[in-house]
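S.K.: This is the structure, below, for whatever I ask next.
Computed from the coordinates by the stated procedures, all read-outs in this text should not be read as laboratory data. Because the structure is predicted, anything quoted here is derived from the model rather than measured. Here the Cβ positions follow ideal geometry from the backbone for every residue, glycine too, while neighbour counts run over all protein chains shown.
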Amino acid sequence: MPITFEDTNDVLRHIRLTGRLDIPGIDAISQTFTQLSEHCKRGNVVDLSGVTFLVSFGIRELITNAKLIQQRGGRMVIFLGDNKAVYKTLETTGIASLIPTFIDAAQADRAALE
């Protein structure tokens, strides 16, 4: 599972995950995701629009990094685009109520900076 990031400006970072967020996928991205979270920007948008599969360990990874970002004074939101499968998983598990989740990229960017 690839993880990439782009610092849009001094206060906003986009982290993009693609592929399967299962145990092998988490193993592949965990260290980088944690490093990005430890050195977070004020606003952090995690893009899951390219994630094809999400398991409970992946949800735990999202929550852990959201807490890490929050402890460092930042904010994490999730951008899903039209990824209905991942949206349904996050909604069903209640994660969407813990980490703000958006289908519109511009709304996600604004929310990350609130």
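S.K.: In whole percent, what relative contact order does the chain give with Cα contacts below 8 Å and a gap of six or more residues?
M.R.: 26
S.K.: Which order do Leu80, Leu54 fall in if you start with the one that has the fewest other Cβ atoms within 10 Å?
M.R.: Sorted ascending by nearby Cβ count, the order is Leu80, Leu54.
S.K.: Return the long-range amide H neighbours of Thr101 (sequence gap of 5 or more, or a different chain), with a cut-off of under 5 Å between placed amide H atoms.
M.R.: Those qualifying (amide H under 5 Å, at least 5 residues apart or on another chain) are Ile78.
S.K.: While we're here: Under 15 Å between alpha carbons, and skipping anything fewer than 8 positions from Lys41 in its own chain: which aspartates and glutamates qualify?
M.R.: Glu6, Asp7, Asp10, Asp109, Glu114
S.K.: Asp47's amide H: which non-local residues (gap 5+, or another chain) put their own amide H closer than 5 Å, with H modeled 1.01 Å from N in plane and none for Pro or chain starts?
M.R.: Sorted by chain and number, the residues that satisfy this are Ile15, Arg16, Leu17, Phe79.
S.K.: A follow-up question, please. Test of understanding: ordering Asp47, Asp10, Asp22 by Cβ neighbours within 10 Å, fewest first, what list do you get?
M.R.: Asp10, Asp22, Asp47
S.K.: What is the magnitude of the charge dipole of the chain about its Cα centre, with +1 placed on the Cβ of each Lys and Arg, -1 on the Cβ of each Asp and Glu, and no other charges, expressed in debye to the nearest 20?
M.R.: Approximately 220 debye in magnitude.
S.K.: Could you put Lys67, Lys84, Lys41 in order, starting from the residue whose Cβ has the fewest other Cβ atoms within 10 Å?
M.R.: Listed from fewest to most nearby Cβ atoms, that is Lys84, Lys67, Lys41.
S.K.: Separate question: For region 3-112, max minus min Cα coordinate along each principal axis, in Å, sorted largest first?
M.R.: Principal extents (largest minus smallest coordinate, Cα): 32, 28, 21 Å.
S.K.: May I ask which residue of Pro24, Ser97, Ala108 lies farthest towards the positive end of the charge dipole of region 3-112, with charges of +1 (Lys, Arg) and -1 (Asp, Glu) on Cβ and the Cα centre as origin?
M.R.: Farthest towards the positive end: Ser97.
S.K.: What fraction of the Cα pairs in region 34-74, stated in percent, has a spacing above 15 angstrom?
M.R.: When all Cα pairs of region 34-74 are counted, 42 percent exceed 15 Å.
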